[in-house]
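Following: one structure in structure tokens, then a few remarks.
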Amino acid sequence: MRIRFLMMFLIVLGCAKPVEVAPIEIWDSITVEASAYNSTPAQTSSTPQITAFGDSLKPGVKYIAVSRDLLRMGIKHNTPVVIEGFDGVYLVKDKMHPKWRKHIDIYMGKDIEAAREWGRRTVCIEYKLSEEAIKKASME
């Protein structure tokens, strides 16, 4: 009898739905200088549609490049970023020359006029912290 009860208990326990825990999302913000760039050899390299991370840029898709100090702050490859003055979420797909500090470059495909019109502005960006950054912050 005890064995039957134990087996029934294990079957019921095994059929219980696992509790799903929602992933923690923490967003942070920072003020940066923002400029715009295009996929042209004059602005990038001989392979303007390939980023420093090795991704292929596609005109019309929301991508940005970030300065390397922002990478060290936790704004890594594929980090979602919301830019003041723009709709939607952009992904970090490129990194800038080491000379830049607190700077993003907004990818504007082949629309050189739109990039010129944007010029350079100071904007606030919000970015999703990686799980690694959240763990590191919680240990401090």
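The values are calculated or read from the model by the stated rules, or taken from the named source; none is laboratory data. Keep in mind that what you see is a predicted model, and the values were worked out from it rather than measured. Because the Cβ atoms are built from the backbone with ideal geometry, glycine has one as well, and the counts that use them run over all protein chains shown.
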### Task
Look through V32, V82 and report the one residue that is touching a residue at least 40 places away in the same chain (Cβ under 8 Å), assigned to a strand (DSSP E or B) and surrounded by fewer than 19 Cβ atoms within 10 Å (Cβ to Cβ).
V82
### Output for the range 46-77, where each listed residue is hydroxyl-bearing (S, T, Y), at pLDDT 90 or above and either over 12 Å from the mean Cα position of the chain (by Cα) or surrounded by fewer than 13 Cβ atoms within 10 Å (Cβ to Cβ) (or both)
S67
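Quick check on my filter: what residues within the range 6-41 are at pLDDT below 80 and either closer than 27 Å to V89 by Cα or of a type in the set (F, W, Y) (or both)?
F9, E20, V21, A22, P23, I24, T40, P41
One line per residue, one yes/no per condition, for (1) buried (at least 20 other Cβ atoms within 10 Å of the Cβ); (2) touching a strand residue (DSSP E or B) at 6+ places or on another chain (Cβ under 6 Å); (3) among the acidic types (D, E); (4) not in a helix (DSSP H, G or I):
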{"position": "P98", "(1), (2), (3), (4)": "no, no, no, yes"}
{"position": "R101", "(1), (2), (3), (4)": "no, no, no, yes"}
{"position": "I104", "(1), (2), (3), (4)": "yes, yes, no, yes"}
{"position": "K110", "(1), (2), (3), (4)": "no, no, no, yes"}
{"position": "E113", "(1), (2), (3), (4)": "no, no, yes, no"}
{"position": "R116", "(1), (2), (3), (4)": "no, no, no, no"}
{"position": "I125", "(1), (2), (3), (4)": "yes, yes, no, yes"}
{"position": "E132", "(1), (2), (3), (4)": "no, no, yes, no"}
### Message
Can you report the number of residues in the range 89-104 which are more than 21 Å from E132 (Cα to Cα), at pLDDT below 95 and under 17 Å from the mean Cα position of the chain (by Cα)?
### Response
1
